[in-house]
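Read-outs throughout are calculated quantities, based only on the coordinates presented, and are distinct from any laboratory measurement. None of the values given here were measured: they were computed from a predicted structure. Every residue, glycine as well, gets a Cβ built from its backbone with ideal geometry; the counts of neighbours run over all protein chains shown.
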């Protein structure tokens with residue numbers, strides 16, 4: 001593999017690792033933990049008369065990737081991780097185009113019994129699946145990788161997608177660090193967003209004396225093309241309060257951010273600028289892990305031809321659910337089930353052509 005090809009592959013790998021952030025191990029219990037992402041520039045493999053195919057050259061589509069965002073409290077000892085963001089990426093057979101869509105954090109789903117956690121099952125918000133699955137009977141210490149395995153099962157049951165080829169978990173802090181390592185990110189703000197968490201200078205808003213909500217001036221993001229620092233991109237993508245469609249608008253903003261970061265990573269400089277590439281890799285830290293039968297570099301090679309402009313962002317409509325006169329969660333409309341069936345049949349493109357209202361442009 002030539003040096004130029006090494007950096008092209010590494011640039012493609014950013015799509016996986018920028019979503020992964022500083023993730024923890026996600027392997028199934030019967031799989032050995034994958035090695036951490038390398039922090040050094042890969043060595044150049046000398047060419048030969050009959051070079052071996054690059055690792056990952058045999059990976060074919062279609063592919064389904066599972067992208068989970070957890071809040072930053074995973075750094076707190078014994079914290080049970082909650083899936084605050086759930087995104088799925090479907091790539092077609094040629095892996096040149098993809099479809100990025102989300103499941104609401106408060107989506108109510110049927111959860112099967114899960115013996116490793118001593119969980120009897122029931123109907124709950126999908127954000128709870130990871131924490132419920134991470135419990136270890138007789139211990140106060142959760143197993144995040146066990147929780148991820150259970151969440152993956154719950155999502156598979158709900159969508160009908162029998163196999164996820166790879167999965168990553170991101171922390172909000174990881175996205176902020178990666179954005180800064182890429183030199184910021186430019187994206188189009190489509191609606192006014194007022195921060196619930198940050199002041200205009202980026203510092204955290206304090207809690208109101210005596211408890212309750214936050215207080216003090218708020219960072220505000222106005223419509224238009226904006227270039228964000230890490231904390232701004234993270235803050236913008238986290239907000240749901242005050243938005244017309246709440247979490248559904250937040251899901252859209254998160255998909256926009258992921259796509260914008262991928263576009264930035266794949267644009268001219270990163271594939272040839274070794275200094276910038278090393279900075280991005282260092283920003284990930286040595287704790288980066290991801291779940292899959294193949295390594296991140298192999299999947300990166302398989303995604304080398306994915307054009308950021310051909311990532312279709314899909315918005316699945318839903319409605320709130322009430323119980324006993326109070327808010328109980330969210331449910332997706334029947335058209336979402338039809339979309340899932342189209343994804344399983346690898347007919348997402350034709351389905352969206354017939355239902356263009358689901359495409360966010």
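Things worth noting here:
- Extension gain for residue 123-residue 136 works out to 2.6 nm (0.36 nm per residue, less the C-alpha to C-alpha distance).
- When both the stretch 294-328 and the stretch 252-268 are represented by their alpha-carbon centers, they are found 13 Å apart.
- Taking the fewest neighbouring Cβ atoms within 10 Å as the starting point, the ordered list for 124, 228 is 124, 228.
- Cα extents for the stretch 53-149 along the principal axes, largest to smallest and rounded to whole angstrom: 48, 30, 27.
- Projecting label points 7 angstrom from Cα along Cα→Cβ for residue 204 and residue 191 puts them 2.8 nm apart.
- Net length available on complete extension from residue 215 to residue 309 is 29.9 nm, with 0.36 nm assigned per residue and the Cα-Cα distance removed.
- Stretching the chain fully between residue 229 and residue 244 yields a gain of 2.9 nm (0.36 nm per residue, less the alpha carbon separation).
- Measuring between their Cα centroids, the stretch 172-250 and the stretch 91-115 lie 25 Å from each other.
- Evaluated on the stretch 81-211, the Kirkwood hydrodynamic radius is 17.7 Å, with distances taken between all distinct Cα atoms.
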